[in-house]
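Right, one structure below, let's go through it.
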Amino acid sequence: MTQEQWGQLKNSLLGTVGQNNYKNWIEPLEFDEITEGVATFTVPTTFLGNYVSRNFGDLILHHLSQSGQPVRRLNFRVAANVAARPVAEVTLEKPAVTSAPVQSARGGEEQLPNAPLDARFTFDTFVVGKPNELAHAAARRVAEGGPVTFNPLFLYGGVGLGKTHLMHAIAWELQQQRPDLNVVYLSAEQFMYRFVQALRDRKMMDFKQLFRSVDVLMVDDVQFIAGKDSTQEEFFHTFNALVDQNKQIIISADRAPGEIKDLEDRIKSRLQCGLVVDLHPTDYELRLGILQSKVEQYRLQYPGLEIESGVLEFLAHRISTNVRVLEGALTRLFAFASLVGRPITMALTQDCLADVLRASERKITVEEIQRKVSEHYNIRMSDMIGPKRVRTYARPRQVAMYLCKQLTSRSLPEIGRRFGGRDHTTVMHGVKRIEELRAKDGQIAEDLELLRRALEA
Ligand code: ADP
Ligand code: MG
């Protein structure tokens, strides 16, 4: 986690704990590092460290996991007050900080290595759209806890697209539906950490036994074990043992099994044996849906806060496909608006989110779209832009116009100009035509999806 990310996280904490608590307890925390699932902070006094750990520890852990940081435990160390120390000690080559670990309330070491589930990551809060409907359906199926039909379920997709959310949702649902089942969720990093710990403490037998007694095993971000040979090896054995017992396994990664570098081939092929589904980058409709559902949740937290119409549409349009970024923007917006006691207008949005908006400015150009579409349909750029109206050129041209409308901020007249000086009504007609085709022609829908992903990659 960078200092900047910590800054953002502090911002979201501010929204939750309020200004007073924030000033007293959160602001004095200095973020140091995250290693092996432990986030370390420097605090001015032991008292502050203890207080924060007791009162805000879980909240901080929660926010960290929300922002995608794999943290199990918080560690607070007290900045050494050099002046007050006996000289003798200062001259010893000690680190400038003394460690005063404050274990959070979570997880005894000997229990099943189950990572805490985020209470907000349920099926109820998961917004389904075209880009994630397959993954969602597969997750739902697995969450019924019926006979194992595909093993493993492998979910993959870019960062912030809902993999962890879906896995937690499966775990929550299984707890409801099948309380008899022993469900374990953990990140690949935690798997490694446990494994290394077991090796160190000579407790490998216990480790193996623990994992072999699981009914449903979920391992998040499995790409993490790539290149870590002994961990891979152990993972492979655990995996096989569970599959042989017909126990359900659910895996996530940031890419398809075959594309994970430094992952053993036998593991890759094992991972491909079940159902492999990907979460596609979000589209405008899904982003808007997610924003609307988040706003409903925020309304409980900030009653009376008004939001001007058009703001959500604007955000859905302008912010990248990463849902985490989208959520972060909304959180900041609500926190900011409630702090200054003003309604959320377009102006306030532009102001408050200037950096986020700049960072996610669309960089796709009309030319890029024209080039990609020409390549895709195997026509020349000159024919795409030129005057010929035969179907072989007209259809790709309309597809390109449609994508320009969707993926750039160019207006219809501007787009028309770049397509050989065509009129904006021609562009409008083309865009409409593709919208219609998209709904009823599977091939076109697939082409559009492919092109969009290629362009946004
Ligand atoms: P990943 O694990 O794929 O990186 P996460 O599951 O952590 O992504 O999702 C990032 C954030 O976006 C989470 O807060 C999650 O709740 C939210 N999110 C992602 N997809 C959806 C969705 N379809 N509906 C609601 N929230 C979503
Ligand atoms: Mg994740």
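Quick look at the numbers
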item: Conditions (1) open to solvent by less than 30 Å² (accessible area, probe 1.4 Å); (2) in a helix (DSSP H, G or I); (3) of a type in the set (S, T, N, Q); number of the one not met by Gln350; result: (1)
item: Residue count for the stretch 302-334, restricted to those that are out of contact with any Cys (no Cβ under 9 Å at 6 or more places or on another chain) and in a helix (DSSP H, G or I); result: 17
item: Residue tally, condition open to solvent by less than 30 Å² (accessible area, probe 1.4 Å), touching a strand residue (DSSP E or B) at 6+ places or on another chain (Cβ under 9 Å) and in a helix (DSSP H, G or I), over the stretch 258-274; result: 1
item: Those residues of the stretch 228-257 which are open to solvent by less than 10 Å² (accessible area, probe 1.4 Å) and either under 21 Å from the mean Cα position of the chain (by Cα) or not assigned by TED's automatic domain parsing to the domain that holds Ser187 (or both), in sequence order; result: Ile249, Ile250, Ile251, Ser252, Ala253, Pro257
item: Every residue from the stretch 296-314 that is modelled with pLDDT of 90 or more, under 21 Å from Gln66 (Cβ atoms) and either open to solvent by 40 Å² or more (accessible area, probe 1.4 Å) or within 12 Å of ligand 1 (Cβ to nearest atom) (or both); result: Glu296
item: Helices (runs of 4 or more DSSP H) lying entirely in the stretch 373-440 (those with 1 or more residues that are under 26 Å from Ile319 (Cβ atoms)); result: 391-407, 412-418, 424-440
item: His317, sole failed condition from (1) open to solvent by 60 Å² or more (accessible area, probe 1.4 Å); (2) out of contact with any Phe, Trp or Tyr (no Cβ under 8 Å at 6 or more places or on another chain); result: (2)
item: Residue match in the stretch 282-292 (condition: assigned to a loop (DSSP other than H, G, I, E, B) and surrounded by fewer than 21 Cβ atoms within 10 Å (Cβ to Cβ)); result: yes
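The values are calculated or read from the model by the stated rules, or taken from the named source; none is laboratory data. Bear in mind that the values here come from a model prediction, so they are computed numbers and not experimental data. Cβ coordinates were reconstructed from backbone atoms using ideal geometry, including for glycine residues, and neighbour counts include every protein chain displayed. Protein only, heavy atoms only, side chains kept; ligands, DNA and RNA dropped before computing areas. Shrake-Rupley method; radii C 1.70, N 1.55, O 1.52, S 1.80 Å.
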